[in-house]
1. Using Cα atoms only, what is the angle between the long axis of helix 82-93 and the major principal axis of the chain, expressed in degrees (0 to 90) to the nearest 10?
2. Note the per residue figure in Å³ for the convex hull of the C-alpha positions in the range 19-81.
3. Please work out how much length the chain gains when fully extended from ASN40 to ALA126, using 0.36 nm per residue of separation minus the C-alpha to C-alpha distance, in nm with one decimal.
4. Expressed in nm to one decimal, what extension gain is obtained for the pair ALA88 and ARG150 from 0.36 nm per residue of sequence separation less their Cα-Cα distance?
5. Take each of the peptides 129-139, 93-103, 64-74, average the number of other beta-carbon atoms within 10 Å over its residues, and list them starting from the highest.
6. Just to confirm my understanding: which cysteines in the chain have no other cysteine beta carbon less than 4.7 Å from their beta carbon?
7. How much accessible surface does SER85 have with a 1.4 Å probe, in Å² rounded to 10?
8. So what are the ³J(HN,Hα) numbers for the range 115-131, from phi and the Karplus equation (6.51, -1.76, 1.60; θ = phi - 60°), rounded to whole Hz, Gly and Pro as x?
Amino acid sequence: QGIVLDRSAFYPGGFDEWSADSGLPVTRIVHAEELLARLNREPRLLVPDTPPRSFILLDVRHDRDYGIGHIPGAVNLQSHVFADSLDAVIARHWPAADRASTPLVPYCYGPSCIRSRNCSTIAARAGFLRTERFYGGVEEWKGVGAPVIRTLP
């Protein structure tokens, strides 16, 4: 079963025409180096593993895998409850988030996992215009030697 956006249309000008319309969602692929640089620019807070302020970072894997190792600052929102729980998670961790301008970055296991793609689509349906899918997921993150937070023994 495919996922269909409510406002689809044919754009003869392709992606350039689509992305020029600020009222339409755009999902951009981000890589580990860019994500790490963005996290490093975040203000250092006294509480470890605090969610970033300038963007929404969501780990859409299972709870256990999140506990074994996740990207610092990521909040776990499993893909199977993403649509039903997104609003509550945003309100709790990013109450000032603006769906038109705050980037939402979902990630999962890696390139062979489609959870982050599906969650990007759900976020777009929920009004987020700037989703930035971390396609490489935890696999790419660990591959570049970036730090992970472990919350399970």
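The values are calculated or read from the model by the stated rules, or taken from the named source; none is laboratory data. These numbers were taken from a predicted model, which means no experiment stands behind them. Cβ: placed from backbone, ideal geometry, glycine included. Neighbour counts: every protein chain shown. Remember, those area values only see protein heavy atoms, side chains included, never the ligands or the DNA or RNA. Shrake-Rupley method; radii C 1.70, N 1.55, O 1.52, S 1.80 Å.
1. Its long axis makes an angle of about 60 degrees.
2. Residue-normalised Cα hull volume stands at 127 Å³.
3. 28.1 nm
4. Separation in residues times 0.36 nm, less the Cα-Cα distance, equals 19.9 nm.
5. Answer by packing, highest mean first, reads 129-139, 64-74, 93-103.
6. CYS119
7. Spelled out: SER85, probe radius 1.4 Å, area about 30 Å².
8. 4, 5, 5, 4, 5, 4, 5, 4, 4, 5, 4, 7, x, 7, 8, 10, 9
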